[in-house]
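Let me begin by presenting the structure, written as structure tokens, before commenting on it.
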2 protein chains.
Amino acid sequence: MTTVRQAAPAAIERVTIELGERSYPIVIGPGLLGDTAAVQSLVTARDLLIVTNETVAPLYLEAAQRALGPGRRTSTVVLPDGETYKTLESVSRIFDALVDARLNRDAAVVALGGGVIGDMAGFAAACYQRGIDYVQMPTTLLAQVDSSVGGKTAVNHPQGKNLIGAFHQPRCVIADTRTLDTLPVREYRAGLAEVVKYGLIYDAAFFEWLDAHAEALVQREDAAVMRAIRRSCEIKAQIVAEDEREHGLRAILNLGHTFGHAIETATGYGEWLHGEAVAAGMVLAADLSTRLGWLPAADRDRAVRLLERFGLPVAAPRIGATQARELMGMDKKVLGGRLRLVLLRSLGAAEVVADYDADALREVLEAHFG
Amino acid sequence: MTTVRQAAPAAIERVTIELGERSYPIVIGPGLLGDTAAVQSLVTARDLLIVTNETVAPLYLEAAQRALGPGRRTSTVVLPDGETYKTLESVSRIFDALVDARLNRDAAVVALGGGVIGDMAGFAAACYQRGIDYVQMPTTLLAQVDSSVGGKTAVNHPQGKNLIGAFHQPRCVIADTRTLDTLPVREYRAGLAEVVKYGLIYDAAFFEWLDAHAEALVQREDAAVMRAIRRSCEIKAQIVAEDEREHGLRAILNLGHTFGHAIETATGYGEWLHGEAVAAGMVLAADLSTRLGWLPAADRDRAVRLLERFGLPVAAPRIGATQARELMGMDKKVLGGRLRLVLLRSLGAAEVVADYDADALREVLEAHFG
């Protein structure tokens, strides 16, 4: 299966995730939420529940409602903002809203917000009446390049991130890049961490391009941002189309995530943004790859420097190697007790590895976590 | 796709649900939990969480643990007994137990109990780490003939039954018919309601056989019980294999259930057993079918008499036609506002119908619910 970018009106890009009858488009463009015709053609359900949060609602709820147009029955549930609220309790509030609105199997959920909203709204849609449709309207860079695409939905458990969830593909992803204008700088940068990830794991040329356009991306220049999002979605689409349920290849999308999950859990959800933890985690993964003799030290250092130029943390918090190792053991990528890690064979090529040198891992954990 | 019954050792019956790579066996026999070799060959996961309840644990937990054998890492969670506990909160306790035991993607959940345990354990397995394996060990007649087979998992919402759930097929179903010896008479009879359902919707000859062997079934005679369970599983296997996710045919398995859900919700979960509510609901469905001129009155009356001989309630509670209609509207089988009902064209042939005469429905609701 391959990913096809189709012709589209000026300034609107379209990437398709090819998954047979579950295929769907990612539509990307500045001002998409103002393009009523585009949105209405993408969203077919008559009855909708919009799930959003207290930060996004004042900014974009009205625009989303207008874009979805008249002739629908639309309800809304507004959740508190933040990773700390990515819980079964919040999803339970979405279920209540679905039931209160008497929504049936032909209704759809619309996720308007960042990754937390998308993950929870998608999970609620996966479970309500054993599965109804949902639409992603991501409003953060991280959601537009990563979490809204690919059908992974989840909530956190007090003892581990994303431990409860489902694979449930959205009907479409509608990414209005204008919504990034209101994104706090720290969150914008956190999104860039996942963009760098795509270069590191899959596309050396894209990494080079990011390196050459780092300043334009930091300045949020339209053309650069659009290109970065589109290429990120293309890479994710290719990987997901090949391995929807993460039996193999898809796991490379978790570069830096196992280390990052340990950081997020040890410091408490919300202290480090997900993208920040992934940035520091990718530094650990790159360093381990170098120590194992896979990744040239110069390439590791280039990766670290690019993350630094994007204003991302490259030093892990001193949570201690022992605690870090323990928390990594709760990560979903552990199989049969052996921790599998995503490592870099070179810039642009990642691999999931279980037979690495355990001493090298311990050294890296001690060097970075203390 | 067809259902194949394979040769098996004496007294052990095997029915296969044909679902491609998700195919699995239903193994039925007296004393199966004592057949360590059979159980061990069916359950391959090394790490297990057994989910059971306070009633079943003292009776069969030790036997199940022994049957699963040594060389595994087995934890247990014991939940309170009853439909009132079929909630997201109970499933949350299963998640906690999975996390506490540090179980990973290669672990499996074992549901040891009736339909409530099976539905919750299956739903937890569907969501934990976005889906791990599970095994059904049904200990009630209702679970052995219906709820443990077919991959529907769910919990109740305060405003409606099974509103939150997933389609997630088990790896196998291990039905030890000896466990029925300890089943309270009321629960045993409730299971017979679903057995009658299979005759009514799919197999007139099976209905005749049930009619002829009603006394043996009431007396729980081994040969009759085995045959009733096996034929029920065969019919369910055929229907599920044709329509796993209930896009069409599978809905006929809900004969009486939309009326029954209204009874269960109005009277509070646990007051009426599910099978009892289904029995009374099937009477309504049969009566409506007769009033619409589909089902001869004599056949309706035969169905009612068989349910009565099984000691099942055939008179609905007087919850009022208006409330009943409102609660039926929250049932998942409502599509686009129009209540779809499963009706009988004849004994042994059911159909999902949306274009029935609404006046006839109102008359039936008023006649039965007051």
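Pairing residues of region A:87-107 that are in contact (Cβ under 8 Å) with a residue 12 or more places away in the chain with residues that are of a type in the set (A, V, I, L, M, F, W, C) and surrounded by fewer than 18 Cβ atoms within 10 Å (Cβ to Cβ), at Cβ distances under 9 Å and at least 6 apart in sequence or on separate chains, gives A:ASN104/B:LEU335; A:ARG105/B:LEU335; A:ASP106/B:LEU335; A:ALA107/A:ALA101. Of the residues making up region A:46-57, none is of a type in the set (A, V, I, L, M) and more than 30 Å from A:GLY270 (Cβ to Cβ).
The lone criterion from (1) in a helix (DSSP H, G or I); (2) within 28 Å of B:ARG14 (Cβ to Cβ); (3) within 14 Å of chain A (Cβ to nearest Cβ); (4) of a type outside the set (A, V, I, L, M) left unmet by B:GLU246 is number (1). When B:ALA297, B:ALA315, B:ALA286, B:ALA280 are checked against the criterion of being in contact (Cβ under 8 Å) with a residue 12 or more places away in the chain, small (Gly, Ala, Ser), in the same structural domain as B:ALA214 (by TED's automatic domain parsing) and farther than 15 Å from B:LYS197 by Cβ, B:ALA315 stands alone in meeting it.
If you go through region A:99-115 one residue at a time, how many are over 23 Å from B:ARG93 (Cβ atoms), within 8 Å of chain B (Cβ to nearest Cβ) and of a type outside the set (D, E, K, R)? Selection size over region A:99-115: 1.
Condition check for A:PRO30 on (1) touching a Lys or Arg at 6+ places or on another chain (Cβ under 6 Å); (2) more than 27 Å from A:GLU234 (Cβ to Cβ): one failure, at (2).
When you look at A:LEU103, is it more than 21 Å from B:ALA126 (Cα to Cα), outside any strand (DSSP E or B) and either at pLDDT 95 or above or touching a Cys at 6+ places or on another chain (Cβ under 7 Å) (or both), yes or no? Here the answer is no, as A:LEU103 does not meet what is asked.
Scanning region B:77-98 for residues that are more than 30 Å from B:ALA266 (Cβ to Cβ) and either in contact with a Cys (Cβ under 6 Å, 6 or more places away or on another chain) or at the interface with chain A (Cβ under 10 Å from one of its Cβ atoms) (or both) yields a count of 3.
Within region B:248-256, the presence of a residue that is without any contact (Cβ under 8 Å) to a residue 60 or more places away in the chain, among the small types (Gly, Ala, Ser) and within 24 Å of B:SER346 (Cα to Cα) is excluded. Taking the conditions exactly as written (surrounded by fewer than 18 Cβ atoms within 10 Å (Cβ to Cβ) and at pLDDT below 95), does B:PRO70 satisfy them or not? Yes, satisfied. Out of the residues in region A:283-299 meeting the condition of being assigned to a helix (DSSP H, G or I), under 14 Å from A:ALA349 (Cβ atoms) and of a type outside the set (Ser, Thr, Tyr), tell me which one is nearest to the chain's Cα centre (by Cα). Per the stated criteria, the residue is A:ALA285. Going through B:GLY320, B:GLY268 one at a time, which residue ends up being farther than 26 Å from B:THR87 by Cβ and more than 17 Å from the chain's Cα centre (by Cα)? Result: B:GLY320 is the single residue among B:GLY320, B:GLY268 that is farther than 26 Å from B:THR87 by Cβ and more than 17 Å from the chain's Cα centre (by Cα). Comparison of A:ASP176, A:ASP146, A:ASP133 shows that the only residue that is within 14 Å of chain B (Cβ to nearest Cβ) and in contact (Cβ under 8 Å) with a residue 60 or more places away in the chain is A:ASP133. Comparison of A:LEU312, A:LEU341 shows that the only residue that is over 25 Å from A:THR87 (Cα atoms), buried (at least 21 other Cβ atoms within 10 Å of the Cβ), in contact with a Phe, Trp or Tyr (Cβ under 9 Å, 6 or more places away or on another chain) and away from chain B (no Cβ under 14 Å) is A:LEU341.
The sole residue among A:ALA266, A:ALA279 that is in a helix (DSSP H, G or I) and either over 24 Å from A:GLU363 (Cα atoms) or modelled with pLDDT of 95 or more (or both) is A:ALA279.
Return the residue satisfying two criteria in turn: it lies in region A:200-235 and is touching a Gly at 6+ places or on another chain (Cβ under 6 Å) and either outside the structural domain of A:ALA350 (by TED's automatic domain parsing) or not aromatic (Phe, Trp, Tyr) (or both), and of such residues it is surrounded by the most Cβ atoms within 10 Å (Cβ to Cβ).
Residue satisfying both the conditions and the ranking: A:LEU210.
Just to be sure before I move on: is B:GLY71 in contact (Cβ under 8 Å) with a residue 12 or more places away in the chain and within 20 Å of B:ILE28 (Cα to Cα) in the structure I sent?
Here the answer is no, as B:GLY71 does not meet what is asked.
For A:ALA354, the conditions (1) more than 14 Å from chain B (Cβ to nearest Cβ); (2) exposed (fewer than 14 other Cβ atoms within 10 Å of the Cβ) all hold with the exception of (1). Looking only at residues in region B:14-71 that are out of contact with any Ser or Thr (no Cβ under 8 Å at 6 or more places or on another chain) and among the polar types (S, T, N, Q), the one that is nearest to B:ASP176 (Cα to Cα) is B:THR36.
Does B:LYS197 fit the bill of being within 17 Å of the chain's Cα centre (by Cα), within 14 Å of chain A (Cβ to nearest Cβ) and not in a loop (DSSP other than H, G, I, E, B)? Here the answer is no, as B:LYS197 does not meet what is asked.
Considering every residue within region A:114-131, establish whether at least one is surrounded by 19 or more Cβ atoms within 10 Å (Cβ to Cβ), of a type in the set (A, V, I, L, M, F, W, C) and farther than 27 Å from A:THR74 by Cα.
No, region A:114-131 has no match at all.
Within region B:69-92, the only residue that satisfies the criterion of being under 28 Å from A:ARG325 (Cβ atoms) and in a helix (DSSP H, G or I) is B:SER92.
The condition (being more than 7 Å from chain A (Cβ to nearest Cβ), of a type in the set (Gly, Ala, Ser) and touching a residue at least 12 places away in the same chain (Cβ under 8 Å)) is satisfied by just one residue among B:ALA124, B:ALA166: B:ALA124.
Taking the conditions exactly as written (in a strand (DSSP E or B) and out of contact with any Phe, Trp or Tyr (no Cβ under 9 Å at 6 or more places or on another chain)), does B:VAL110 satisfy them or not? No; evaluated as a whole, the condition is false for this residue.
The values are calculated or read from the model by the stated rules, or taken from the named source; none is laboratory data. All values reported here derive from a predicted model rather than from experimental measurement. As a convention, Cβ positions derive from the backbone with ideal geometry for all residues, glycine included, and neighbour counts pool all protein chains shown.
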